[in-house]
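Engineer: The following block contains the structure, expressed as structure tokens.
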Amino acid sequence: MARVVVDVVLKPEILDPQGQAIVGALRRLDINGVTDVRQGKHFELEVDDSVDEQTITRLADTLLANPVIENFTIRRG
Amino acid sequence: MARVVVDVVLKPEILDPQGQAIVGALRRLDINGVTDVRQGKHFELEVDDSVDEQTITRLADTLLANPVIENFTIRRG
Amino acid sequence: MPPRIGVVTFPGSLDDRDAARAVRFAGAEAVPLWHADTSLHDVEAVILPGGFSYGDYLRAGAIARFSPVMESVIAAANDGLPVLGICNGFQVLCEAHLLPGALQGNAARRFVCKEQLLRIENTATPWTSGYRPGQEVVIPIKNMDGCYVADERTLDELESSGRVVARYLDGNPNGSYRDIAGVCNAAGNVVGLMPHPEHAIDALTGPGTDGLGFFLSFTGVAA
Amino acid sequence: MSDPNLDTVERAARTPDHPQPFAELGMKDDEYARVREILGRRPTSSELAIYSVMWSEHCSYKSSSAHLKQFADKAPKTDILLVGMGENAGVVDVGDGWAVTFKIESHNHPSYVEPYQGAATGVGGIVRDILTMGARPVAVMDSLRFGRLDAPDTGRVLPGVVAGIGGYGNCLGLPNIGGEVYFDEAYAANPLVNALCVGVMRTDGIKLAKADGPGNKVVLFGARTGGDGIGGASVLASATFETEGETKRPSVQVGDPFAEKVLIECCLEIFAADLVVGIQDLGAAGLSCATTELAAAGTGGMDVDLELAPLRDPTLRPEEILMSESQERMMAIVTPEHLDAFTAVCAKWDVTATVIGTVTDTGRLRMRWHGEQIVDLPPRTAAQDGPVYQRPIERPYDQDVINQHDGRDLPRPRNGEELRRTLLQVVASPNLADKSWITDQYDRFVMGNTVLAQPEDAGMIRLDDGSAPTGDTGGTVRGIALSTDGNGRYTRLDPYTGARLALAEAYRNVATTGARPLAVTNCLNFGSPEDPSVMWQFTEAVRGLADGCLELGVPVTGGNVSFYNQTGSTPILPTPVIGVLGVIDDVARRTKQAFGTDGALLYLLGDTREEFGGSEWAHVVHGYLGGLPPQVDLDRERLLADILINASRDGLIDSAHDLSEGGLAHALVEACLRGGAGARIVLPEGSDPFVALFSESTGRAVVSVPRSEEVRFTDMCTARGLPRARIGVIDLLDTDLDVQGQFRVPLRELRAAWRSTIADRFAP
Ligand SMILES: Nc1ncnc2c1ncn2[C@@H]1O[C@H](COP(=O)(O)OP(=O)(O)O)[C@@H](O)[C@H]1O
Ligand SMILES: [Mg+2]
């Protein structure tokens, strides 16, 4: 049993309305010094040790992320 | 300028239909060995060095996460 | 002098005009309240309407909760001002911690729009006093994040103290825990409701007139 | 601060032989040569960007404009058109001082590449077109075509498209009141996503896209400009995926519905205060289109300092800024006196507004980049005088074969039991099955003026700007009705007739609700115009639609053409989607589809012929397409419409449902299920039961008449000469559809068959 974390973020050139809305809200919370926010998805998977990198990559690429507009990173831990 | 990452996950006692749907889809893709998936949110903030831990924690606690149903972790990276 | 009910408009509010229309249908005066304006213009009640305030980005209601007008609404609600949050308004009230629990994405992970059967379970609130206890009504529901969730303790307490205002019947449209469609605060003056009573005030444009009771309940009391 | 990589006008003049990538931008040699001729030098890279997008098929209609002229040439005499074709959308006078503007537009290729964002930005684009006319958008519709329901890729495309249309439209607070969904192999890699928007304003509130008055300011407002879909629309519309490969696909545009919602409220407040001279939305070809069109339609000149445009991505080059298709942007022409008031409204709504230029009378569009001249061209040459092609036209070699093989010998049900099984098969056909898995993802209640929405024959909206007290008292109020229709199979069999059939059905759907059809919009979805047989289909369809509109007296107010919907050399079914707008004096008099009055008599209006070419029965039972489509008789359609409208006004009927795909049988099933009422049907004397139940003859509807009104109703039909046959009675207590002497089938069983097809495909 291992914990694998996959973080999915929009490609840098893709508009992120959510992140922009958060930046806007920060003003109202008067929190200063946060210049940019990008919002993505965070997945925590429980996987048997049998599952190899390749499978996880395929899974991330087909199910967790939309490769047309998103990138992803995989972390074991 | 520093990059701060905030990951927000549902508290364990709250059901996660998104995660469950992914587990279901895995079977259809016959990817085996992934026993559980939880979906959360991933935020990447650009912050001035002036911004201290406290402020980030307040930001995560009041805005990025809803403490009623979510927990969060903060990483400098 | 008809009672004056404030209807808040946040950027992204959608059903504010409909809520105002319903207020007028019920014989009250609808007072527009702007999100950036802290004054409540001494209204006798406030409605937080449906919509996608700030696009519902981040979480539904999460950003609207910090609007200037909400500071005043929160203060007034704690002093007993009747407040009705409909759909997005319900989400805002939960985010503002005026109501327990939270609203999550629908279990089916799709927007759902349908005519929904409900049972009114608490008729002691200023918004439901016009209904018979246990009355069954048909009211449209339309939301993306309508799944009411809370921890077991909170749910048990809501049930035992009769704070479940309305419950879904024959089919739970969004996976809400214990089929909860609406709840109120301990004092009963703040009510949050996922379905849209303002869209059930006229058989021409909705399933019927079952929703009018929420507005008449208030005007009936205040008038 | 001179930029070595900047291609200035001065440099262009100095380096005539500098090679330019016009071909990569989809420009032909002769087109490039013409640009050089117009400018008397080679274009700068920024000018090339402008001409390449403005002269693309998508923006210039170079293959279609020669034919679309017919809509104007054959336009019926009418005084209801306040704004005709050519503007962002036509405007129709619907009475009581109300003006209505509506238009349908395609977003096909982007919706295949990224279904959610492609469909979402399709809605966003058409809504801005309507807003630009000065109107408040009040409803949307969506007309969709996908590959086979069971095809794996349909499982990727359809849910994404539907979620995108809902995600954007719901967030704008626009009720979705109707549309279509069809499935056919022919749309497999080329789904059709056509979105319609309708807007309402007072007749004196119309706004136009022109930059008048030298000295007036050019204001860019709304979202900041990013690298979205650079070259997207133009490049896509000028080549199919296959031939040009990946590079021709757009870099996906992401929509921000919240930004658009705020932009709408902001614009309406600006219009109300009468703060603009002219206004234009930024759609395909973004700034290139807005600046050249505004200038061309106005005084004629404009000076722009391009570096003033607010950017999301600071690394963008001027060429990219000019081609960017970033969403949720508008451009307004504002007098200096009104500028402060204008920016104040924008500030209230937190909308970024920036003066980037000035209107001039130089007849030139001039742009500078940090002080250096990068554009200097006559705007009309880009916006209006684009290339016009007379593409070769040739009747498809297989057209006769397809028409001759009419499927007459396809096995038909021969007895009651077989008819019963056929009915269950037809109602479960993906094209006729319940669409609520899709339409329940759309808000149909918001705005509180939706009188009719799917699955009624047409959507209907009460005209009420919210302030009007009529809306509150629910008194007599005027309303509008809309329907979109199109049938690619009919059009494949005969494009001329297919277009007329689509028009006839939309017209009939509107009249069925009691509204009088007034005007037409259309979205013409075809394959490659470079294929002569596709061009034949296109020209036949345009001719059919233009003739049909003339015969019915309903003008075309605008529309959209989508070419290159094909994979390799295989085009989609030719698919003209027609939208018809109607008006009703009192929405309380509307006619619904459901059987609801116990004992009411059922009348079938119109003539039934043996017509199965392109029918749903042939498609779903035999997978067959051949023969000729049903005949169209537009005089008959007109007569039928008159009867339906008068009957609704005078309260002679309790329900009406038009007959189309699936014929009488399917119409009866829909009306029974909608009302939860049974019916006893007696097929007309001597009719062939199969033909009576499943033929798709047009010009027909089934109505329910309360016994008390039977004489008045039948007298009206007799007086007007409309054939009608009494075919049965509604029985609220009966739980079956009983076709006497043939079969009985429980509503429960029909509902299960009708409901499960689409819902099960996409479950969970
Ligand atoms: N994509 C869609 N969006 C909204 N409404 C739809 C859509 N597809 C179908 N509908 C609605 O479902 C009903 C049946 O569609 P259709 O069979 O095309 O009707 P008709 O054949 O009478 O034109 C209509 O009310 C239509 O508006
Ligand atoms: Mg149709």
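The values are calculated or read from the model by the stated rules, or taken from the named source; none is laboratory data. Bear in mind the structure is a predicted one, so any value in this text is a computation, not a measurement. Neighbour counts run over all protein chains shown; Cβ positions are idealised from the backbone, glycine included.
Engineer: Kindly indicate whether D:Q117 is within 14 Å of another protein chain (Cβ to nearest Cβ) and either away from ligand 1 (no atom under 16 Å from the Cβ) or buried (at least 24 other Cβ atoms within 10 Å of the Cβ) (or both).
Structural biologist: yes
Engineer: Give just the number: which of (1) over 21 Å from C:I63 (Cβ atoms); (2) surrounded by fewer than 21 Cβ atoms within 10 Å (Cβ to Cβ); (3) without any contact (Cβ under 8 Å) to a residue 40 or more places away in the chain does A:D30 not satisfy?
Structural biologist: (1)
Engineer: Taking the options D:A49, D:A33, D:A72, name whichever one is at pLDDT 90 or above, under 22 Å from D:M133 (Cβ atoms) and not hydroxyl-bearing (S, T, Y).
Structural biologist: On inspection, the qualifying residue turns out to be D:A72.
Engineer: Another one. Name the residue, out of B:L63, B:L45, that is surrounded by 15 or more Cβ atoms within 10 Å (Cβ to Cβ) and touching a Leu at 6+ places or on another chain (Cβ under 7 Å).
Structural biologist: B:L63
Engineer: Give me the pairs: first residue in region D:213-226 and within 18 Å of D:C267 (Cβ to Cβ), second residue surrounded by fewer than 22 Cβ atoms within 10 Å (Cβ to Cβ) and among the charged types (D, E, K, R), beta-carbon distance under 6 Å, and six or more apart or on different chains, which are they?
Structural biologist: Sorted first by the residue in region D:213-226, then by its partner, the pairs are D:R224/D:R312.
Engineer: Residues that are farther than 19 Å from D:E293 by Cβ: which helices (runs of 4 or more DSSP H) entirely in region D:31-78 hold 3 or more of them?
Structural biologist: Per the criteria, D:65-73.
One line per residue, one yes/no per condition, for (1) touching a residue at least 12 places away in the same chain (Cβ under 8 Å); (2) among the β-branched types (V, I, T); (3) away from ligand 2 (no atom under 16 Å from the Cβ); (4) closer than 19 Å to D:V446 by Cβ:
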residue: D:V127; (1), (2), (3), (4): yes, yes, yes, yes
residue: D:A139; (1), (2), (3), (4): yes, no, yes, yes
residue: D:S143; (1), (2), (3), (4): yes, no, no, no
residue: D:T154; (1), (2), (3), (4): yes, yes, yes, no
residue: D:V157; (1), (2), (3), (4): yes, yes, yes, no
residue: D:L174; (1), (2), (3), (4): yes, no, yes, yes
residue: D:N190; (1), (2), (3), (4): yes, no, yes, no
residue: D:A195; (1), (2), (3), (4): yes, no, yes, yes
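Engineer: Here's something else I'd like to know. Kindly indicate whether any position in region D:526-543 is in a helix (DSSP H, G or I) and within 16 Å of ligand 1 (Cβ to nearest atom).
Structural biologist: no
Engineer: Which helices (runs of 4 or more DSSP H) sit wholly inside region D:308-385 and have at least 1 residues that are modelled with pLDDT under 95 and buried (at least 19 other Cβ atoms within 10 Å of the Cβ)?
Structural biologist: Result: D:318-323, D:379-383.
Engineer: Within region D:420-466, which residues are at the interface with chain C (Cβ under 9 Å from one of its Cβ atoms), within 11 Å of ligand 1 (Cβ to nearest atom), polar (S, T, N, Q) and touching a strand residue (DSSP E or B) at 6+ places or on another chain (Cβ under 8 Å)?
Structural biologist: Matches in region D:420-466: D:T439, D:Q441.
Engineer: Being aliphatic (A, V, I, L, M) and either in a helix (DSSP H, G or I) or under 15 Å from the mean Cα position of the chain (by Cα) (or both) is the filter here; which residues of region D:111-137 pass it?
Structural biologist: Across region D:111-137, the qualifying residues are D:V113, D:A119, D:A120, D:V123, D:I126, D:V127, D:I130, D:L131.
Engineer: Checking the conditions here, which among D:L683, D:L693, D:L733, D:L737 is assigned to a loop (DSSP other than H, G, I, E, B) and at pLDDT 95 or above?
Structural biologist: On inspection, the qualifying residue turns out to be D:L683.
Engineer: So which of D:V83, D:V35 ends up being touching a Phe, Trp or Tyr at 6+ places or on another chain (Cβ under 6 Å) and aliphatic (A, V, I, L, M)?
Structural biologist: Exactly one of D:V83, D:V35 is touching a Phe, Trp or Tyr at 6+ places or on another chain (Cβ under 6 Å) and aliphatic (A, V, I, L, M), namely D:V35.
Engineer: If a residue counts only when it is farther than 30 Å from D:L308 by Cα and modelled with pLDDT under 95, which strands (runs of 3 or more DSSP E) contained entirely in region D:172-281 have at least 1 such residues?
Structural biologist: Correct list: D:192-202.
Engineer: Here is a follow-up. Going by the structure shown, is D:I653 surrounded by 22 or more Cβ atoms within 10 Å (Cβ to Cβ), out of contact with any helix residue (DSSP H, G or I) (no Cβ under 7 Å at 6 or more places or on another chain) and not small (G, A, S)?
Structural biologist: no
Engineer: Taking the stated definitions as given, is B:R38 in contact with a Phe, Trp or Tyr (Cβ under 8 Å, 6 or more places away or on another chain), charged (D, E, K, R) and either surrounded by 13 or more Cβ atoms within 10 Å (Cβ to Cβ) or under 28 Å from A:L63 (Cβ atoms) (or both)?
Structural biologist: So B:R38 fits the description; yes.
Residue-by-condition table, conditions (1) more than 14 Å from chain D (Cβ to nearest Cβ); (2) under 23 Å from D:G459 (Cα atoms); (3) part of a loop (DSSP other than H, G, I, E, B):
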| site | (1), (2), (3) |
| --- | --- |
| C:D170 | yes, no, yes |
| C:N174 | no, no, yes |
| C:A181 | yes, no, no |
| C:E198 | no, yes, no |
| C:I201 | no, yes, yes |
| C:L204 | no, yes, yes |
| C:T209 | no, yes, yes |
| C:G213 | yes, no, no |
| C:T219 | yes, no, no |
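Engineer: In region B:32-54, what residues are at the interface with chain A (Cβ under 7 Å from one of its Cβ atoms), closer than 30 Å to B:L15 by Cα and not small (G, A, S)?
Structural biologist: B:V34, B:T35, B:D36, B:V37, B:R38, B:Q39, B:K41, B:H42, B:F43, B:E44, B:L45
Engineer: Which numbered condition in (1) β-branched (V, I, T); (2) crowded, with 23+ Cβ neighbours inside 10 Å; (3) within 16 Å of ligand 1 (Cβ to nearest atom) is the only one that D:V620 fails?
Structural biologist: (2)
Engineer: Would you mind finding the one in B:V8, B:V4 that is within 30 Å of C:R153 (Cβ to Cβ) and in contact (Cβ under 8 Å) with a residue 60 or more places away in the chain?
Structural biologist: Testing whether each residue is within 30 Å of C:R153 (Cβ to Cβ) and in contact (Cβ under 8 Å) with a residue 60 or more places away in the chain leaves just B:V8.
Engineer: Can you confirm whether region D:194-208 contains a residue that is at negative phi and within 14 Å of another protein chain (Cβ to nearest Cβ)?
Structural biologist: Yes: one or more hits.
Engineer: Could you tell me which of the residues C:P197, C:P207 is touching a residue at least 24 places away in the same chain (Cβ under 8 Å) and under 20 Å from C:L48 (Cβ atoms)?
Structural biologist: C:P197
Engineer: Please pick out the residue among D:V632, D:V669, D:V682 that is over 28 Å from D:H405 (Cβ atoms), of a type in the set (V, I, T) and within 16 Å of ligand 1 (Cβ to nearest atom).
Structural biologist: None of the others qualify; the one that does is D:V669.
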